1. Got a number for residues in the range 48-60 being touching a strand residue (DSSP E or B) at 6+ places or on another chain (Cβ under 9 Å) and in a loop (DSSP other than H, G, I, E, B)?
2. Residue 311: within 24 Å of residue 108 (Cβ to Cβ) and touching a strand residue (DSSP E or B) at 6+ places or on another chain (Cβ under 6 Å), yes or no?
3. Taking only pairs six or more apart or across chains, which ones have beta-carbon atoms under 7 Å, a first residue in the range 56-79 that is over 16 Å from residue 161 (Cα atoms), and a second residue that is in a helix (DSSP H, G or I)?
4. Answer with yes or no whether residue 313 is touching a residue at least 24 places away in the same chain (Cβ under 8 Å), buried (at least 22 other Cβ atoms within 10 Å of the Cβ) and assigned by TED's automatic domain parsing to the domain that holds residue 271.
5. So for the range 343-362 (the condition being part of a helix (DSSP H, G or I), over 24 Å from residue 121 (Cα atoms) and at pLDDT 95 or above), does at least one residue qualify?
6. Go through (1) in contact with a helix residue (DSSP H, G or I) (Cβ under 6 Å, 6 or more places away or on another chain); (2) at pLDDT 95 or above; (3) surrounded by fewer than 22 Cβ atoms within 10 Å (Cβ to Cβ); (4) assigned to a loop (DSSP other than H, G, I, E, B) and name the single condition residue 172 misses.
7. Go through 101, 93 for me and flag whichever is touching a residue at least 40 places away in the same chain (Cβ under 8 Å), touching a helix residue (DSSP H, G or I) at 6+ places or on another chain (Cβ under 7 Å) and at negative phi.
8. Of the conditions (1) under 17 Å from the mean Cα position of the chain (by Cα); (2) farther than 15 Å from residue 146 by Cα; (3) crowded, with 18+ Cβ neighbours inside 10 Å, residue 280 clears all except one; give me its number.
């Protein structure tokens, strides 16, 4: 039977990994991800999880180890954060290009310099082009559930791509809440044993991986990888629906709308700030304001069509970014605007940048964002890009 427990986000991921029965876990600690690999190590030590637990010497080694294990058909997990993710950067396209279904948890954290251990989303935005599925979760329950779902997504024969699950550092990784842990029997029914794939190495059919492909063939490899990642959107939706049918919890697939159907203005969010925004939406709705929310859960592959469907009735759209693409704007803002251009749909869009280096995005901040969007919707001029809670003279 399932049971409830009081867990932080890191521990929730660890329980999701345990229930998924990986063959190999490559571990290297880095704040604020460390609790995840420590918890998994305790499962292994106590005999609760039967897997090869490999404590490697660096984040780069953790991903290299994961690539080696996955290339012979092992279900593989690792975790990292911030500078550790960037240290892995060389290996990430090896994993995606070789079509290896590795699952990795990334605790989103600010990048140096200056050094900072708190949560923003600068780390992952550097690596959107790595060929990985990129999922952002709102709370610990979603973190556990998406860990289980991510193995099924990654290992689907039509996807065969690594998946990165992003948790906001400290806000999710170290905050405790009630989490339902599904039974092992139920997860085994949902997530069957991984038996490898035809392109993976084995003793009966030796092969070479990471071959050279010159200008006669390289583009075809990359276009196939790109198209398969786009097709992963349908698989993500299907697997989330299957999960909801079995466990009673669903997340809308790549996107989740909240009171968006008749909204005049909509805020697009990722990660933990979504919960804060939802509270503000309820407050403003009680005042008769037609505001709504769209939670962007999957940033790669980017769900263009579904996003356009959810925001079609709104006049004005705001995008919350916990990152800056230096010299331009927030990365999510760029992506959302591109989706409108691709779809031939014209909307007024505004970028709200906050939460850098772990600074809070408060309910008052979100309230002000909605007020500004309503002013813009009424024809008043507001800044295209607004920075929240800048406390010093720049």
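The values are calculated or read from the model by the stated rules, or taken from the named source; none is laboratory data. Since the structure is predicted, the reported quantities are computational estimates derived from the model, not experimental observations. We place every Cβ from the backbone using ideal geometry, glycine too, and count neighbours over all the protein chains shown.
1. Total meeting the criteria: 3.
2. It is false that residue 311 is within 24 Å of residue 108 (Cβ to Cβ) and touching a strand residue (DSSP E or B) at 6+ places or on another chain (Cβ under 6 Å).
3. That search, which allows pairs on different chains as well, returns 56/62; 56/65; 58/87; 59/84; 59/87; 60/87; 79/36; 79/37.
4. Taking the combined requirement at face value, the residue does not satisfy it.
5. yes
6. Checking residue 172 against (1) in contact with a helix residue (DSSP H, G or I) (Cβ under 6 Å, 6 or more places away or on another chain); (2) at pLDDT 95 or above; (3) surrounded by fewer than 22 Cβ atoms within 10 Å (Cβ to Cβ); (4) assigned to a loop (DSSP other than H, G, I, E, B), the one that fails is (3).
7. From the options 101, 93, the qualifying one is 101.
8. Only one criterion is unmet by residue 280, namely (1).
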